[in-house]
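The values are calculated or read from the model by the stated rules, or taken from the named source; none is laboratory data. Everything numeric here is computed off the predicted structure, so don't read it as measured data. Using ideal geometry, Cβ is built from the backbone for each residue, glycine included, and neighbour counts are taken over all protein chains shown. Ligands, DNA and RNA are stripped out before the accessible areas are found, and what is left, the full protein with its side chains, is counted by its heavy atoms. Shrake-Rupley method; radii C 1.70, N 1.55, O 1.52, S 1.80 Å.
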Amino acid sequence: MERIEKMYIDGQWVPALAGKTRDVINPADASVLATIAEGAAEDVQLAVAAAKRAFYEDGWMVTPPSERARLMFALADSLEKRAEEFAKLETQNNGKALREAQCDVSDAVACFRYYAGLATKPHGQTYDVADPMQTLVVREPIGVCGQIVPWNYPLLMAAWKLAPALAAGNTVVFKPSELTPLTVIRLFELIDVVGYPKGVANLVLGAGDTVGHEIAANFDIDKVAFTGGTKTGRSIMMAATGNIKNISLELGGKSPNIIFADADFEAAVDWTLFAIFVNQGEVCSAGSRLLIEESIHDQFLERLVERTKQIKVGPGLEEDVEMGPLISETHLNRVLDYIELGKKEGARLVCGGNRILEGDLEKGYFVEPTIFIDTSPEMRIVQEEIFGPVLVVQKFKDEQEAVSLANNTIYGLAGGVFTQDGAKGLRVIKKLRAGITWINAYNPTYNEAPWGGYKQSGLGRELGTFGFEEYTEVKQININLEPSPLGWFKE
Ligand code: NAD
């Protein structure tokens, strides 16, 4: 492993100005995968200067949408051609099972294609106001956008951010998580090859409190778009006040998955597994609180525990592995601490609860899929985001109690309801204070539909036309069709 991965600033691959580097770890065995540049505030400043010049002086802000679409379709095609290589690298760096990384790559390709298409579609409005005026409303790019993403979906989160921003005509300064930069570095190699003008898309590598903070605080960045924890979101919001930046935040969750007694039993069990254990539970929208109607509680749990015990945990690249390691030793310890806390709080463990130390798994950060029952709403394991494969179960008597338990959280990202009563499903979903919901499913995500949360789960929406609009300013243009003196003031 001799390669040092550099940053991409103003169309060049450059080391950090201070010459610092950082090792990137494979969470399945703690081996070093790569050494990368470790940037700092001054590297962000260089990238911002390039992005500003590319936007205002080099003309990216007036590049025809058809050209922005052409470049983005080319990017999608080149990513698709190397899909398997990207998927394997994502699994090595993030830990997730290969089949999940493969889905992430194809979702990223589809996201670039969606926004490439959207770039050329109509976006404005016209108003017939009082004669002789005509009013047009146009959408324009915001300018230089700073973008910061977490480690749980490194490539996909990059696509969700870069695609709408570039399609709408902005320039970007992008920061991946310091733990998972590898697929994003490869993505910027493709951005370079397909021919984006220099300075339009810049990649700065480094830590949150240095590179991330500078992105949030820099006065020449017009918008900051962030995905990550709620606490970090709060500090980004504060750092962004200096120049009244436009902000969008996709934050944490503790989302309810509600199972009514009349649900299709096997379907509900199966989706419940997917809701919490996909991507090792490191999913912002995870159905991490399972609410079960009292009358089927025991029967449902028995089947759920039986299925959970069959989940094959191991290195993501190994065949048939269904759940990989957690991202880092620090995060593993955080999740294990929550499991200890749950026991102390009086919840009962019915499945998992341990680090896996068998054979070679000892080297990595593997934890058993875990389920707690006998919880109460005020317990910290019920209220706080654990961000791992830990499910907490709550019991409810009727529809009203289900809704009140479901909404008893500072978060409002997602939620699901399982029932065969269509009216009840919709009634309950409409009472959930959450931005992303499912009936008789959990977690499927579509590029076409807006993604984002209520309450402390965030601000704004990604994906769909909503996600595109987040990267635009709205301008009204009022035209006098019959210019003549107004006569308001006497001559
Ligand atoms: P995190 O908040 O620790 O870090 C996210 C990113 O922010 C990283 O790139 C990090 O370097 C950077 N960062 C950290 N401190 C910063 C600071 N002070 N200023 C600027 N940037 C800073 O989150 P994480 O641990 O990487 O990811 C897990 C969190 O992300 C979970 O809370 C999860 O729910 C959330 N998440 C949300 C969504 C969503 O769409 N709502 C999607 C994925 C993950």
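Tabulated results
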| quantity | calculated |
| --- | --- |
| Every pair of residues 6+ apart whose Cβ atoms lie under 8 Å, when the first sits in the stretch 387-404 and is of a type outside the set (Phe, Trp, Tyr) while the second is open to solvent by 50 Å² or more (accessible area, probe 1.4 Å) | Gly388/Arg334; Pro389/Glu368; Lys395/Glu294; Lys397/Glu294; Glu399/Arg427; Val403/Lys431 |
| Selected residue [open to solvent by 20 Å² or more (accessible area, probe 1.4 Å), in contact with a helix residue (DSSP H, G or I) (Cβ under 6 Å, 6 or more places away or on another chain) and touching a residue at least 40 places away in the same chain (Cβ under 8 Å)] from Asn480, Asn447, Asn440 | Asn447 |
| Lone qualifier among Gly412, Gly467, Gly460 - being under 25 Å from Ala268 (Cα atoms), within 16 Å of the ligand (Cβ to nearest atom) and either open to solvent by less than 50 Å² (accessible area, probe 1.4 Å) or touching a residue at least 60 places away in the same chain (Cβ under 8 Å) (or both) | Gly412 |
| Top-ranked residue in the stretch 102-138 [being assigned to a strand (DSSP E or B) and in contact (Cβ under 8 Å) with a residue 60 or more places away in the chain; ranked as farthest from Glu469 (Cα to Cα)] | Met133 |
| Residues of the stretch 214-245 satisfying the condition of being near the ligand (Cβ under 9 Å from one of its atoms), more than 17 Å from the chain's Cα centre (by Cα) and open to solvent by less than 40 Å² (accessible area, probe 1.4 Å) | Glu214, Ile215, Ala216, Ala217, Ala239 |
| Wholly enclosed strands (runs of 3 or more DSSP E) of the stretch 246-330 bearing at least 3 residues open to solvent by less than 10 Å² (accessible area, probe 1.4 Å) and either under 18 Å from Gly415 (Cβ atoms) or within 16 Å of the ligand (Cβ to nearest atom) (or both) | 256-259, 289-293 |
| Selection within the stretch 197-213 - outside any strand (DSSP E or B) and either open to solvent by less than 30 Å² (accessible area, probe 1.4 Å) or farther than 19 Å from Thr171 by Cβ (or both) | Gly199, Val200, Val204, Leu205, Gly206, Ala207, Gly208, Asp209, Thr210, Val211, Gly212, His213 |
| Single unsatisfied condition, Asp10 versus (1) of a type in the set (Asp, Glu); (2) free of Cβ contacts under 8 Å to residues at least 60 places away in the same chain; (3) crowded, with 16+ Cβ neighbours inside 10 Å | (2) |
| Among residues of the stretch 44-68, those that are open to solvent by 50 Å² or more (accessible area, probe 1.4 Å) and assigned to a helix (DSSP H, G or I), counted | 12 |
| Residue selected from the stretch 156-196 under the condition more than 18 Å from the chain's Cα centre (by Cα), in a helix (DSSP H, G or I) and away from the ligand (no atom under 16 Å from the Cβ), by the criterion farthest from Met72 (Cα to Cα) | Arg186 |
